[in-house]
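Take a look at the structure set out below.
The values are calculated or read from the model by the stated rules, or taken from the named source; none is laboratory data. This structure is a prediction, so every number in the text was calculated from the model and none was measured. Cβ placement follows ideal geometry from the backbone for every residue including glycine, while neighbour counts extend to all protein chains displayed. When the accessible area is computed, the model is the full protein with side chains, heavy atoms only, and any ligands, DNA or RNA have been set aside. Shrake-Rupley method; radii C 1.70, N 1.55, O 1.52, S 1.80 Å.
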Amino acid sequence: MIHNYFDGNIEDATKVQLESIDLVKALFCEVNPIPVKAALNIMGYNYGIPRLPLIEMSSTNKETLKKAMKEYGLL
């Protein structure tokens, strides 16, 4: 997206930004790094659970994250 913008491809950069809104919202629906670790675990990387005092992502938000990842093409 950034490369598109700086190369003058504003329409392409805008398209990528708009397509990623749901994913970005899902990645920030809980305190960072909880959703990022969850996303990496969903993708098959073994990043484990967050260290205390952080806890695992709620199941509702995890489903939202999975849906956003599928729609964005990460799964």
### Query
Which of the residues belonging to segment 14-43 are farther than 16 Å from residue 64 by Cα and aliphatic (A, V, I, L, M)?
16, 18
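Tell me, which residue of segment 30-59 that is in contact (Cβ under 8 Å) with a residue 24 or more places away in the chain and in contact with a helix residue (DSSP H, G or I) (Cβ under 8 Å, 6 or more places away or on another chain) is most open to solvent (accessible area, probe 1.4 Å)? Give the steps one after another, and end with the answer.
Here is the first cut: in segment 30-59, the ones in contact (Cβ under 8 Å) with a residue 24 or more places away in the chain are 30, 35, 38-39, 42-43, 57-58.
Next, from what is left, pick out any that are in contact with a helix residue (DSSP H, G or I) (Cβ under 8 Å, 6 or more places away or on another chain): 30, 35, 38-39, 42-43, 57.
Numbers: 30: 41, 35: 0, 38: 12, 39: 11, 42: 47, 43: 80, 57: 18 Å².
Within segment 30-59, the match that is most open to solvent (accessible area, probe 1.4 Å) is 43.
Report, by residue number, each residue of segment 39-75 that is among the hydrophobic types (A, V, I, L, M, F, W, C) and either in a loop (DSSP other than H, G, I, E, B) or over 21 Å from residue 19 (Cβ atoms) (or both). Explain how you work it out, then say what you get.
Step one: list which residues in segment 39-75 are among the hydrophobic types (A, V, I, L, M, F, W, C), which gives 39-40, 42-43, 49, 52, 54-55, 57, 65, 68-69, 74-75.
Scanning segment 39-75 gives 43, 49, 52, 54, 55, 57, 74, 75.
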### Query
Residue check: is residue 62 touching a Pro at 6+ places or on another chain (Cβ under 9 Å) and either of a type in the set (D, E, K, R) or open to solvent by 60 Å² or more (accessible area, probe 1.4 Å) (or both)?
yes
### Message
Could you check segment 1-15 and list, in sequence order, the residues that are surrounded by fewer than 14 Cβ atoms within 10 Å (Cβ to Cβ) and part of a helix (DSSP H, G or I)?
### Response
2, 3, 6, 10, 11, 14, 15
### Message
Need pairs with beta-carbon distance below 6 Å; first residue without any contact (Cβ under 8 Å) to a residue 12 or more places away in the chain and among the acidic types (Asp, Glu) and within segment 3-19, second surrounded by 13 or more Cβ atoms within 10 Å (Cβ to Cβ) and part of a helix (DSSP H, G or I); sequence gap 6+ or separate chains.
### Response
12/4
